[in-house]
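Heads up, the thing below is written out as structure tokens.
The values are calculated or read from the model by the stated rules, or taken from the named source; none is laboratory data. Note that this is a predicted model, so its numbers are computed, not measured. Don't worry about glycine lacking a Cβ; one is built from the backbone with ideal geometry, like all the others, and counts go over all protein chains shown.
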Amino acid sequence: MAASGGTDPTADQVQEDLIRLDAYRSQLNALVQQHQILTASRQDHLRARESLEGIDRSVAGDEMLVPLGGETFVRGTVRRDAPALIGVGSGIAAEMDRSKAAEMIAQRVTRIEQAIRDIEGQMQSVDERIQLLSRRLDAASRASGAPSDVGRH
């Protein structure tokens, strides 16, 4: 004889799965945001590297537009011996020759690309968990005859 007033173990499992599904979706959203930030950072670093390479290809004294950010530029002239200033963290910039700065940027791009790959792997793993839980909850819903909205969150 079943205990009256008790909660069905299947209902408890469904409730736990719904909570877990919501947590996985939140985790996936956070990973997507991190991916977007890293992708933007990668693009920023690639533009910086391209700019340094452009300066190195220019002739001393050539006029160029120097990007300041926010789609704002100033006119400047190329100096072959001018060092670069590169951020090293916590708002601190270091002055170094352009080839060293380009090397540092290339290393950063490599690390950013690895972080992007790592996050993409995590995103795939979390998405697989979401799909598995969604299928399990959908099957439980069909078995109980209740309408399912698992895939519509």
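Considering segment 62-149, the qualifying strands (runs of 3 or more DSSP E), each wholly inside and each with 1 or more residues that are in contact with a helix residue (DSSP H, G or I) (Cβ under 6 Å, 6 or more places away or on another chain), run over 84-89. Filtered by the rule that a residue be assigned to a loop (DSSP other than H, G, I, E, B) and surrounded by 12 or more Cβ atoms within 10 Å (Cβ to Cβ), segment 46-61 gives a lone residue, S58.
Annotation: of all residues in segment 97-131 being more than 30 Å from R25 (Cα to Cα) and in contact with a Leu (Cβ under 8 Å, 6 or more places away or on another chain), the one that is modelled with the highest pLDDT is I105. For beta carbons closer than 8 Å, sequence separation of 6+ or different chains, a first residue in segment 83-107 that is in contact (Cβ under 8 Å) with a residue 60 or more places away in the chain and surrounded by 14 or more Cβ atoms within 10 Å (Cβ to Cβ) and a second that is not small (G, A, S) and not in a loop (DSSP other than H, G, I, E, B), the qualifying pairs are I105/H45; I105/R49; I105/L52; I105/I86.
Summed over segment 111-146, the residues that are surrounded by 16 or more Cβ atoms within 10 Å (Cβ to Cβ), touching a Ser or Thr at 6+ places or on another chain (Cβ under 6 Å) and either free of Cβ contacts under 8 Å to residues at least 40 places away in the same chain or under 30 Å from T10 (Cβ atoms) (or both) give a count of 0.
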